[in-house]
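Asker: Could you have a look at this structure, given as structure tokens, before my questions?
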Amino acid sequence: MKKPELLAPAGNLEKLKLAIMYGADAVFLGGQEYGLRSNQNNFTIDEIAKGVEFAKIYNAKVYVTTNIYAHQKNFIGYEEFVQTLEKIGVTGIIVSDPGYIMITKKVAKNLEIHISTQQSITNLAAVEFYEQMGVDRCVLARELNFREIKEITNNCQKEIEVFIHGAVCSSYSGRCTLSNHMTGRDSNRGGCCQSCRWEYQLQEKNNGQFNNVKLNNPNKLFSMSVADMQLINYIPEIFDAGIHSLKIEGRMKSNHYVATIVRVYRKAIDQYYNNPKNYVLDQNLVKELKKAEARKTYEGSLIGDFSEKGQIFEMQYNPNKEYEYCGIVLEYDEKTKIATIEQRNFFQVGDELEFFGPNNQQFMQKIDIIYNEKLLEIKKANHPMMIVKLKMTHQVDSMWLVRRKQV
Amino acid sequence: MIKLSVTPFSIKQAISFNENKLVTNLIIGSKEFGLRQVTLFDLEMIKELKKVTKKKIFVCVNKLMHQSDLFNLEQYLIALDNLDIEGVIFADLAVRQIVKKNFLNLKLMYNTETTITNQYFTKFAKEAQIDYIELAKEITLNEVMEIANNKDCGISVNLHGYIYMYQSVRNLVTNYLNIQGLKKNDNQKYLYDDERDALYPIVEDNQGTHILASNDLCMINKLEQILSDKIDFYKLDGFLYEEKEYEQIVELYSQAIKDIENNEYNAKEYLQKIKKVAQHKKYNTGFYFKETIY
């Protein structure tokens, strides 16, 4: 039995480290240009190099997304960019534009080429096309079910990657320009404004007249919005499908999200791999996932269900998040049992906080005293990014995370 | 010479284009694999059409193919090849793969609607033995011309018709009506966007859901800027028009192109004329003169 790669998003260097420490075999990230998340959560070349150095320690791989559909001017500097990636030890690029593929094959031969889900590859013949073109991996469309994926992996030569968790496009990826037409922002060059999650009034034309469709529940307006993918219940099916790499979506998501989701799938994959015959899903993992969940989730496409069950019709601007991410441990002094923490969300004396780290470590602690940087007592950690110190009941370490149950 | 690709609604309408020398290509929707087409023709109808026209017939097989389609697709493409038509228009590279594997004579025209946005695509197409590509509607006219001037394969651009925005595998209208406890009827549906006061046509078929822009593309008053002998084909698409309206649209573009050749072109007049043809339509020039940001 082949153990699939667990591939996680890295929105910045800190998230890259968290993703790898919490169990990812590989991470994907975007550079300053050419990738599908413009402006935010992107790495400079220097940061990518640092990320690659860090990944090496853990024997993890780094892939860089250059997955826009390029317009004429988006080729400026691309050659140098992929040559630099090759030089600093990036394993491969995730790409959809054929021009980018051709250039990379010519000038940076050692970079692996992974065809992005933006190409919406839905069948074996299209995979064969890309194999003949000399690519190393195809990321399949998020419209396929386990049976279709298995048919493809059973019959293709190169690697297949599949999304297992996170937000999905409600259209075939790459085949949507709602954003372009509604806001002038190019969805296929990183400008997507998620118009598919907006609300619309359904109308119909009858005898030349346009009228609203009469609704039984006028509070639920039309939306194309699709629930996030979540496949924790399908680990045996995932193994059975023969997938080479399992991808978690979310370069825009928080530290807490990345660490929590990666850690859960890491455990589930390892548990199944080590003892497939007696594998039962640990329900604690399901609970753990819930702690980072920000939207409705559904297994949807992978089981071939595209019904309303997989859609979201109420706009959930404030989803009922169970847990709030409070901070990250910067260092821990074993002698004094003092942890130095960088605050990310409000917490105060009296709160019950949950601390968790890579592997299985996790515990709750009631907070009696909070110290500031100068070790003076304070009541609240109420400034973003402020440094506080806590006396710990259990050992923690740098890169542990802190969260609080919402009440 | 300017060559127009048109989308006949019927065999009768196709015959009516016989005398129009500007019209060189008939684009026909495949009943089995065509999406967003005015009419879906089965193989028998295509055979009939072939008998009554000397124009080149391209059959549109632009569905995204799933595993279960592949076998039927192969049989279908072989059957099409036997009809001796010019070629196929496709959105999924599976079509290219099957055509080449079976050494079929069908010419290949790649049209993904949204992703063909630069001149490297023409190099890629040449290497992949794809004969034509249709450029995305999201690039500017300057970019179109740059691509045309540096092309390595044939290119087709759009002059008139619906603007694609979105395709989902999901039946979004049915799903929505289900949560409302309502039954679907045959009336054409639209999504109303109150922030933009825009109405987007939404069409559900057995392949899922399609959403179109609120304005159709119309270049009848910009023809001098877009017509070039570097561009192989210009498309006039009739999807969501009436057959009569479409006939007039083809006629107006044909006259306008002749007027340009005779230095008699009055752009404003043509725009006014075309607005009268289908009064329910709103027109703009898409992204030809408008850069997107990102």
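The values are calculated or read from the model by the stated rules, or taken from the named source; none is laboratory data. It should be emphasised that the depicted structure is a prediction, and the values quoted were computed from it without experimental measurement. Neighbour counts run over all protein chains shown; Cβ positions are idealised from the backbone, glycine included. Heads up: the accessible areas ignore ligands, DNA and RNA and are worked out on the full protein's heavy atoms, side chains in. Shrake-Rupley method; radii C 1.70, N 1.55, O 1.52, S 1.80 Å.
Asker: Taking B:TYR253, is it in contact with a helix residue (DSSP H, G or I) (Cβ under 6 Å, 6 or more places away or on another chain) and either modelled with pLDDT of 95 or more or surrounded by 17 or more Cβ atoms within 10 Å (Cβ to Cβ) (or both)?
Answerer: Spelling it out, it is not the case that B:TYR253 is in contact with a helix residue (DSSP H, G or I) (Cβ under 6 Å, 6 or more places away or on another chain) and either modelled with pLDDT of 95 or more or surrounded by 17 or more Cβ atoms within 10 Å (Cβ to Cβ) (or both).
Asker: Quick check, is A:ILE68 free of Cβ contacts under 8 Å to residues at least 40 places away in the same chain and open to solvent by less than 20 Å² (accessible area, probe 1.4 Å)? Even if it seems obvious, please write down each step before you answer.
Answerer: Details: free of Cβ contacts under 8 Å to residues at least 40 places away in the same chain: no; open to solvent by less than 20 Å² (accessible area, probe 1.4 Å): yes.
No: the conditions fail for A:ILE68.
Asker: May I pose another question? Within the set of pairs 6+ apart or on separate chains, which have a first residue in the range B:221-247 that is under 17 Å from B:TYR270 (Cα atoms), a second that is polar (S, T, N, Q) and open to solvent by less than 20 Å² (accessible area, probe 1.4 Å), and C-beta atoms under 8 Å apart?
Answerer: B:LEU236/B:SER5; B:LEU236/B:THR7; B:TYR246/B:THR7; B:TYR246/B:GLN13; B:GLU247/B:GLN13
Asker: So in the range A:51-74, with the set limited to residues that are hydrophobic (A, V, I, L, M, F, W, C) and in contact with an Asp or Glu (Cβ under 9 Å, 6 or more places away or on another chain), which one is farthest from the other protein chains (Cβ to nearest Cβ)? Working first, answer last.
Answerer: The first filter runs over the range A:51-74 and keeps only residues hydrophobic (A, V, I, L, M, F, W, C), leaving A:52, A:54-55, A:57, A:60, A:62, A:64, A:68, A:70.
Now drop any that are not in contact with an Asp or Glu (Cβ under 9 Å, 6 or more places away or on another chain), which leaves A:60, A:68, A:70.
Numbers: A:ALA60: 30, A:ILE68: 8, A:ALA70: 5 Å.
Only one residue fits best here, namely A:ALA60.
Asker: Which one of these is under 30 Å from A:GLY184 (Cα atoms), within 14 Å of another protein chain (Cβ to nearest Cβ) and open to solvent by 50 Å² or more (accessible area, probe 1.4 Å): B:LEU217, B:LEU240? Give the derivation first.
Answerer: Values: B:LEU217 fails: open to solvent by 50 Å² or more (accessible area, probe 1.4 Å).
Only one candidate qualifies: B:LEU240.
Asker: Among the residues of the range A:219-248, which ones are in a loop (DSSP other than H, G, I, E, B) and in contact with a strand residue (DSSP E or B) (Cβ under 9 Å, 6 or more places away or on another chain)?
Answerer: Step one: of the range A:219-248, the residues in a loop (DSSP other than H, G, I, E, B) are A:219-221, A:223-225, A:227, A:231, A:241-244.
Passing the criteria: A:LEU221, A:SER223, A:MET224, A:SER225, A:ALA227, A:LEU231, A:ALA241, A:GLY242, A:ILE243, A:HIS244.
Asker: Report, by residue number, each residue of the range A:171-203 that is part of a helix (DSSP H, G or I) and within 7 Å of another protein chain (Cβ to nearest Cβ).
Answerer: Within the range A:171-203, A:LEU178, A:ASN180, A:HIS181, A:MET182, A:ASN188, A:ARG189 qualify.
Asker: Take the residues in the range B:223-232 that are more than 13 Å from B:TYR253 (Cβ to Cβ) and outside any helix (DSSP H, G or I); name whichever of them is least open to solvent (accessible area, probe 1.4 Å).
Answerer: B:ILE231
Asker: Report, ordered by the first and then the second residue, all pairs with beta carbons closer than 6 Å, sequence separation of six or more or different chains, a first member in the range A:360-380 that is closer than 15 Å to A:LYS337 by Cβ, and a second member that is of a type in the set (Ser, Thr, Tyr) and open to solvent by less than 100 Å² (accessible area, probe 1.4 Å).
Answerer: A:GLN365/A:THR393
Asker: Now a separate question. Restricting attention to the range A:71-93, which residues are assigned to a helix (DSSP H, G or I) and open to solvent by less than 60 Å² (accessible area, probe 1.4 Å)? Break it down into steps so the answer makes sense when it comes.
Answerer: Start the filter on the range A:71-93 by keeping residues that are assigned to a helix (DSSP H, G or I), which leaves A:72-75, A:78-87.
Hits for the range A:71-93 are A:GLN72, A:ASN74, A:PHE75, A:TYR78, A:PHE81, A:VAL82, A:THR84, A:LEU85, A:GLU86.
Asker: Could you name every one of the strands (runs of 3 or more DSSP E) located completely within the range B:120-203 that has at least 1 residues being open to solvent by 30 Å² or more (accessible area, probe 1.4 Å) and within 7 Å of chain A (Cβ to nearest Cβ)? Walk me through it before giving the result.
Answerer: Values: elements: B:132-134, B:154-161, B:164-168, B:188-193.
Passing ranges, in order: B:188-193.
Asker: Of everything in the range A:339-357, what is open to solvent by 20 Å² or more (accessible area, probe 1.4 Å) and either closer than 18 Å to A:LYS17 by Cα or basic (Lys, Arg) (or both)? Give them in sequence order. Talk me through it step by step, then tell me what you get.
Answerer: Our first condition is that a residue be open to solvent by 20 Å² or more (accessible area, probe 1.4 Å); within the range A:339-357, this holds for A:342, A:344-346, A:348-352.
Once the filter is applied, which keeps residues that are open to solvent by 20 Å² or more (accessible area, probe 1.4 Å) and either closer than 18 Å to A:LYS17 by Cα or basic (Lys, Arg) (or both), the range A:339-357 yields A:GLU342, A:ARG344.
Asker: Being closer than 28 Å to B:GLU243 by Cα, touching a residue at least 24 places away in the same chain (Cβ under 8 Å), touching a helix residue (DSSP H, G or I) at 6+ places or on another chain (Cβ under 9 Å) and crowded, with 22+ Cβ neighbours inside 10 Å, is that true of even one residue in the range B:92-104? Outline the logic, then answer.
Answerer: Within the range B:92-104, the subset closer than 28 Å to B:GLU243 by Cα is none.
Checking the range B:92-104: not a single residue is closer than 28 Å to B:GLU243 by Cα, touching a residue at least 24 places away in the same chain (Cβ under 8 Å), touching a helix residue (DSSP H, G or I) at 6+ places or on another chain (Cβ under 9 Å) and crowded, with 22+ Cβ neighbours inside 10 Å.
Asker: Of all residues in the range A:100-128, which are under 22 Å from B:LEU64 (Cβ atoms), of a type in the set (Ser, Thr, Tyr) and in a helix (DSSP H, G or I)? Steps first, please.
Answerer: Filtering the range A:100-128 for residues under 22 Å from B:LEU64 (Cβ atoms) gives A:100-101, A:113-128.
Then keep just the ones that are of a type in the set (Ser, Thr, Tyr); that gives A:100, A:116-117, A:120, A:122.
If the condition is that a residue be under 22 Å from B:LEU64 (Cβ atoms), of a type in the set (Ser, Thr, Tyr) and in a helix (DSSP H, G or I), then A:TYR100, A:THR117 are the ones that fit.
Asker: Next question, about the same structure. Would you check which residues across the range A:6-18 are charged (D, E, K, R) and crowded, with 19+ Cβ neighbours inside 10 Å and list them? Write out each step before concluding.
Answerer: If we filter the range A:6-18 for residues that are charged (D, E, K, R), which is where we start, we get A:14-15, A:17.
Within the range A:6-18, A:LYS15, A:LYS17 qualify.
Asker: Out of (1) more than 24 Å from A:ILE238 (Cα to Cα); (2) in contact (Cβ under 8 Å) with a residue 24 or more places away in the chain, what's the single condition that is false for A:TYR22?
Answerer: Among (1) more than 24 Å from A:ILE238 (Cα to Cα); (2) in contact (Cβ under 8 Å) with a residue 24 or more places away in the chain, the lone unmet condition for A:TYR22 is (1).
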